[in-house]
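Please read the structure below before turning to the comments.
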Amino acid sequence: MLQLLSSLLLVAFASGCGQTAYNPSSRVVNGEDAVPYSWPWQVSLQYEKDGVFYHTCGGSLIAPDWVMTAGHCISSSRTYQVVLGEYNRAEKEGPEQVIPINEGDLHVHPLWNPSCVACGNDIALIKLSRSAQLGDAVQLACLPPAGDILPNEAPCYISGWGRLYTNGPLPDKLQQALLPVVDYEHCSKWDWWGISVRKTMVCAGGDIQSGCNGDSGGPLSCPTADGSWQVHGVTSFVSALGCNTLKKPTVFTRVSAFSDWIEETMASN
């Protein structure tokens, strides 16, 4: 089954995962409005309360019927849906696909501990109740090879509908910001994140641009040499002192550290 899944992932790659019909320009904090549909694997994860669905986290479409997000975004007591092809949450623009999530199709990493975000394993997979319809506004993310490590200052982008600043408002339009990678050697220094970061994480950004509440689970998208994009990170946490704090870059779950778990979970469900 794993061999079959690997073949399917290769087919997905050959058919153009990580491709975007609309090139990104150049909140996410101190970010900018994204070019509409320039991050076509970005999803809005929403939970139901009193018959209304509310945005809670981001996510990445990694297969026609699978979304990757953060473990801390998932609660077994909630009902969820995902929205694909979303840009302006205040308007119905046409490309949106609203897909319900069935109970039992939420797969949080077994080692995720909600009482210890810094312990890592902040990743989850969601099986959609029906497959996404791919097009210019909805495309699959490419994932990096297992074990892949980004170099310091690699130019990656965070995207999401998270707060524009600490305790600030949620934007209607999808935001993006350039967040250069901060390698483990720097990010783990005592006056940076110290022991709160692990090698299964990616740090990116700094005190000017960062993720914030509501960006959780969303992608850290990084360009490749052939012009496509790979999702290297799942937005995990920021400093309790504020979303954009000096020497406290946004921390992401490193996707390439969980390649085996991702493949096994998708193959067995």
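Throughout, read-outs are computed from the coordinates displayed, never taken from laboratory work. Not measured: the values here are computed from a predicted model. Neighbour counts are summed over all protein chains in view; Cβ atoms, including those assigned to glycine, are modelled from backbone coordinates with ideal geometry.
What to note about this one:
- Lys, Arg +1 and Asp, Glu -1 on Cβ, resulting dipole of the chain about Cα centre, debye, nearest 20: 460
- Going through [x] 55.8, 182; [y] 16.8, 48; [z] 17.4, 52, the figure that equals Rg and Dmax of the Cα atoms in Å as computed for the structure here is [y].
- Pairwise FRET efficiency - Q19 versus D50, Cβ, R0 = 41 Å, nearest 0.05: 0.55
- Cα-centred dipole magnitude for segment 154-256, charges only on beta-carbon of K, R (+1) and D, E (-1), debye, nearest 20: 220
- The charge dipole of segment 50-118, taken about its Cα centre with unit charges on the Cβ atoms of Lys, Arg (+1), Asp and Glu (-1) only, comes to about 200 debye.
- For segment 154-256, Kirkwood radius (reciprocal of mean inverse C-alpha pair distance, Å): 13.4
- Cβ crowding within 10 Å averaged over residues, with 173-180, 259-266, 221-228 ranked highest first: 173-180, 259-266, 221-228
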